[in-house]
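Reviewing the structure listed below.
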Amino acid sequence: MKKKFQNIFFFFGLVVLVIMATQLDFKEAWEGLQHAGYWFFAVILLWALLYILNTLSWWLIIKSQKTTIQHDVKCDVKCDISHYPNHPISFPWLYKVTVSGFALNYATPGGLMGGEPYRIMELSPKIGTERASSSVILYVMTHIFSHFWFWLLSSLLFIALRPLDVAMGIMISVVISVCLVAIWFFLRGYRKGLAVAGMRLLGKIPGIRRWAATFVNNHRQQLDNIDSQIAALHNQNPRTFVAAVSLELLCRICSALEIYFILLVLSAEVSYVDCILILAFTSLFANMLFFMPLQLGGREGGFLMSASGLGLTASAGIFVALIVRLRELVWTAIGLLLIKIKSSSIPALPSPEE
C-alpha cells in the first residue's frame, strides 16, 4: 500500500479513537481496571488468540483461491491467471493486517467502511486487486455468516434451557426467522457471488445510481471474475468453506470467555452457557446499531438488558460493558500502531502454508 493511504487510514482511526476515549469516565474506568486486576490482562491476551482464528479463516480463503484458479484453467474455464501476482504471504503479516482491519472497523461508523478497503489495498500488491477483493469479500461474508449461525444456535440454546413467556417467545421466534432467512441469503450469495448484485443494489440508491451503473459497465469483467472466485469457494472447495465458517463460529463461542473472565471477578459461580447467551444477545443488539462508531451505547445497552434477562444485577452488566469497552480501545490502538509497522519488520515465522 502507498504510504499516503496508509497514513490516511492511521490518522483517521487515531482521531476517532481519541474521540471515543474522551467519552469514557476516566475515574470509573480506572476503578474498573483496579477491580478487574489481572483478569483484564487475561481478556487482552484472549483476543490476541482469537485474532489468530480470524486470521486462519482468512488465510484458508486466500489459499483456496489459488487452487481454485488453477482448477478452473484445467477445466478450460475462461479465467486468465497470467496477470495475478502471487507473492508469498506470511501468517504474521496477515495477522497484522487482520488486527488492523478490525481496529479500523471498530473506529468507523458503518464498520466495513474502514477495515475492508484497508485489507484490499494491503493485499492487492501481493495477489492482485481482483483476488484481494474477492478474498476480503469472502472473509466478510464468512464473518457475518458465522454471526447468524451463532445467533441461531444461541436462540435454540435459550429455548432448551430457559423458560419462555409470550414476549420472549415472540422475540426468539423473530430472531430465528431472521437468522434462517439470512443464512439462506448468504448461501445463495456463496453459490452465485455478490459483487455484481451488490453494485446493482447500490444502483438503486438515489444520488449514486449513475456512478454505480458506470462502474458496473466499466468493470464488468473484473466483477464477474470476483463473483466466480466467490462462488468457487462454496462450489469447488466445500471443505475449505466449512473450515472457514467453523473457525469463525468457534471464535464467536470462545469469545464468550471474555465475559466469563470478567464475571469471575464478581462471583465464583459463573455459567459459561450464560456468558454465551449474554454475548449472543449483546452482539445482536449492538449490530442493529452498526452505524455507531465502536457501537457506542448499543453494546452497553445490550449488556445491561442481557444481564438483567439472565438474572444478573445491573451493576454486573455495567462492569462487563466497561471492561469490554476498554479492551476494544486497547486493541484498536494496537491495530492502528500495527498499520505503521513495515512488513520487513515482522519476523519471518513459519506460516501454516509451509
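The values are calculated or read from the model by the stated rules, or taken from the named source; none is laboratory data. On a predicted model such as this, the values are computed, not experimentally measured, just so you know. Reconstructed Cβ throughout: ideal geometry from the backbone, glycine too, with neighbour counts over all protein chains shown. The protein model used for the area step is the full one, side chains on, heavy atoms only, and it has no ligands, DNA or RNA in it. Shrake-Rupley method; radii C 1.70, N 1.55, O 1.52, S 1.80 Å.
Assorted remarks:
- Verdict on Phe241 being at pLDDT below 75, of a type in the set (Phe, Trp, Tyr) and either under 24 Å from the mean Cα position of the chain (by Cα) or in a helix (DSSP H, G or I) (or both): no
- Of all residues in the range 16-65, those satisfying the criterion of being of a type in the set (Asp, Glu) and either in a helix (DSSP H, G or I) or at pLDDT 90 or above (or both) are Glu28, Glu31.
- Residue check for Tyr118: modelled with pLDDT of 85 or more and either in contact with a helix residue (DSSP H, G or I) (Cβ under 8 Å, 6 or more places away or on another chain) or not charged (D, E, K, R) (or both): yes
- Verdict on Leu289 being modelled with pLDDT under 75, under 25 Å from Ile172 (Cα atoms), open to solvent by 20 Å² or more (accessible area, probe 1.4 Å) and not polar (S, T, N, Q): yes
- When Met305 is tested against the conditions (1) modelled with pLDDT of 70 or more; (2) surrounded by fewer than 21 Cβ atoms within 10 Å (Cβ to Cβ), the lone failure is (1).
- Candidates Leu156, Leu138: the one that is surrounded by fewer than 15 Cβ atoms within 10 Å (Cβ to Cβ), within 30 Å of Ile276 (Cβ to Cβ) and hydrophobic (A, V, I, L, M, F, W, C) is Leu156.
- Of the helices (runs of 4 or more DSSP H) contained entirely in the range 128-217, those carrying at least 2 residues that are modelled with pLDDT of 90 or more and within 23 Å of Glu248 (Cβ to Cβ) fall at 129-161, 166-192.
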